[in-house]
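In what follows, a single structure is set out as structure tokens and then discussed.
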Amino acid sequence: MYRLPDASRSWAVLIGTARYSHQDGPADVPSIENNVHDFRDVLIDGQPGAFAPERSMTVLDPRQPRDLGLPLLKAAAAAEDVLLVYYSGHGLIGSKKGELYLALTETDLSMPSLTACPLDVIREAFQASPARVRVLILDCCFSGRAVAGGLSGSPPPVAEQLEIAGAYTLVSSPPNSPSHFEEGKRHTAFTGELLRALRNGVEGAGPEGVSLGVLFPHLRLALRSRGWPEPEQCGTDTAAYLILSRPRTRRPTRVGREEPARTDQGPATERERFHALVEAGRQLGRGGHARSAASELGTVLDRMTQVLGSDDPDTLAGRIEYAQWLGAAGQVREALDLSTAAVGALTRVLGADNRVTLVGRAQLAHWTGEAGQPGEAVRLTGEVVTDLTRALGPDDRETLLGRGRLAHWIGVSGDTGSAAQLTDLLVTDLHRVLGAEDRDTLVGRINQAQWSGRAGRTRQAVRLLDSLVPDLYWLLGADDLHTLIGRARLGQWTGLSGSPKGARGLFAAVVPDLSRVAGRDARETLLARSQYAHWTGEAGDPRTAIALCRQLLDDLDWILGEEDQVTLVNRARLAHWTGADGDVRTALRIFHEVLPQLRRALGPDHPEVRANEALLARWRRRADRRLRPEILFGRGHRTTDRRGLGKWSDG
């Protein structure tokens, strides 16, 4: 009874107006851009996704009604199974009939009928569509008018206007009620809850995913509990069983003996096309777009399996490439599972000493470490490096890269001195074998500086990066991802060598460039934003650091997850800067919430855990001293702290 859309016969149109150019227009809502892009990601996630990428259209910041209407009508005409239309932006009410208009970039608040898009445009699209099920989701002020009509004399509900079976409408707020958004948040309130439910699942949903029938009561309860406007709905019984997204965890494609290897090599042109598509995905990932690379490679891999067979060498190599970018996009467990299956098949089909098999083993070791087993990663990587040296030679590129991975996991396991020594030796060999201008040599120098700094030689790290960044600039280009990473590392070690203001300036410059080149959600961008917030606080501006941390944490929760190490570390930093800004009570609460999670994620002896335990002890001593009267005599007793504690403390 529950079902997903037929991806080959369904279309989604996701519309958002985040910015407004008219002097008498609505206020900008930057989070709407994330609403649109993240909704599309949720819809197409999986192999295959609930909706096909090529049939999931985004329309961001339409200027005039035709900019919205034309792609909408095109999708409506093509959809045969499910037509999904989503709009996020300001909603306006007509002055005469109280009709609902959707604001556009050039909308003038005083003339919505001329400068905004009437809801009739969606009505016409629904009427023209042969789709079996039509779903309308509105996240805008007064969107409840689309369901309940509202004031006397206003238009009838959308479901009645359509006069077509199979229409379902979900809106963010009741009639005459504004929707909710908070400055600096990644999503608006309604869409944020909607996307988290679709991506992560909710209680009562089956393994297939979250149906519309289960989704609505969850949204209503979640938004009500926060004191936000409650959503409303109307629709058909059949739409209640529709699932809009697959479960977030993808089951890796099985690699085994069930499907024998194809004896034919397939059409040469088809095989060459696959090679080109895999290479395009690889370059997309190397440019910082891991999520897009994983999505593209997953689609290619399914087609390769169908055409070439699951045991074809190119298909198996494609699995290793796909696993790499799947893990880089944050799905570490899935990457580990896929690598494990692929390495087993590679060993069986190609042999243990084949280059592709060895590369797959190196990647399996890497994802083992990323999954929280750095010691095991050291063992596995050491074995792979030994086999690479024997099978391919000590100067083969893969052997050299394997040595770099071994140094990395030795350092992550706690022996930073050995990691620095190994990386120093490796850089010498990279220069000799590959040359000074080779990308892998330049990346090796970035790692050399990093491990030098982590081994305690912070000034040496600054000197190495200060000479490296110009080489990256001229050899790779100003906008190359590794050039930007080099600049970010220079900022990091500049701060750690004693110049927080210098670090803040470097990160203030590199964060916008990383956001532009790699994307705001790329891992390197997120790490740079974390450093920017940290050094802003260290430079003496804790209030701005708090604002930067809060914006970052909203993105980290969505992209990496609430339990990710980077997310937890930044929550601890938020606690520290909250205390530095004077709100010690809130700082202590955050510390007590996050430290148990940090201990579980990193281990009780991890330096980050120890450092935050020391900070908690520091703020506790200060609070115990300054709040002693309240602690001894109860709340309501006046305290004497001048920065947030010197006030009646019963609030």
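The values are calculated or read from the model by the stated rules, or taken from the named source; none is laboratory data. None of these values were measured; they are calculated from a predicted model. Please note: Cβ atoms are built from the backbone with ideal geometry, for glycine as well, and neighbour counts cover all protein chains shown. Just the protein is used for accessible areas: all its heavy atoms, side chains included, with ligands, DNA and RNA removed. Shrake-Rupley method; radii C 1.70, N 1.55, O 1.52, S 1.80 Å.
A few points about this structure:
- Modelled FRET efficiency - R0 56 Å, HIS606 with GLU230, Cβ distances, 0.05 increments: 0.85
- In the context of the full set of protein chains, residues of the chain present 44 Å² of accessible surface per residue (probe radius 1.4 Å, heavy atoms only).
- Since only ALA522, VAL42, GLY309 are under comparison, the one whose Cα sits farthest along the positive direction of the charge dipole of the chain, derived from C-beta charges on Lys, Arg, Asp and Glu, is ALA522.
- With a Förster radius of 41 Å applied to the C-beta separation of ARG620 and ASP479, the computed FRET efficiency comes to 0.35.
- Convex hull of alpha carbon positions in segment 385-437: directionally averaged projected area 3.5 nm².
- Tail fraction, Cα-Cα pairs, segment 207-246, threshold 12 Å, whole percent: 60 percent
- Carbon plus sulfur fraction of accessible area for the chain, probe 1.4 Å, in percent: 51 percent
- For trypsin sites (Lys or Arg not before Pro), the sites in segment 67-123 that DSSP calls loop and that have at most 13 other Cβ atoms within 10 Å are LYS96, LYS97.
- Value of relative contact order over the chain, rounded to a whole percent, pairs C-alpha under 8 Å and six or more apart: 7 percent
- In this structure the amide hydrogen of THR58, modeled in the peptide plane, comes within under 5 Å of the amide hydrogens of LEU14, none closer than 5 places in sequence on its chain.
- Global geometry of segment 521-601, whether rounded, prolate or oblate, following the gyration tensor of its Cα atoms and the 1.5 cut on a/c: oblate
- When the Cα positions of GLN283, VAL384, THR357 are compared along the charge dipole of the chain, VAL384 comes out farthest toward the positive end, with charges on each C-beta of Lys, Arg, Asp and Glu.
- Measuring r between the beta carbons of THR347 and ARG543 and using R0 = 41 Å, the FRET efficiency lands at 0.15.
- Size of electric dipole in the chain: Cβ of Lys, Arg +1 and of Asp, Glu -1, about Cα centre, debye, nearest 20: 2280 debye
- Sequentially through segment 476-484, phi angles give Karplus couplings (6.51, -1.76, 1.60; θ = phi - 60°) of 9, x, 5, 9, 5, 4, 6, 4, 5 Hz, Gly and Pro residues having no value and appearing as x.
- Label of the coordinate-derived value, mean projected area of the Cα convex hull in nm², listed as (1) 50.0; (2) 35.6; (3) 33.0: (3)
- Taking amide H as placed 1.01 Å from N in the peptide plane, GLU99 has its amide H under 5 Å from the amide H of GLY94, each at least 5 places away in sequence or on another chain.
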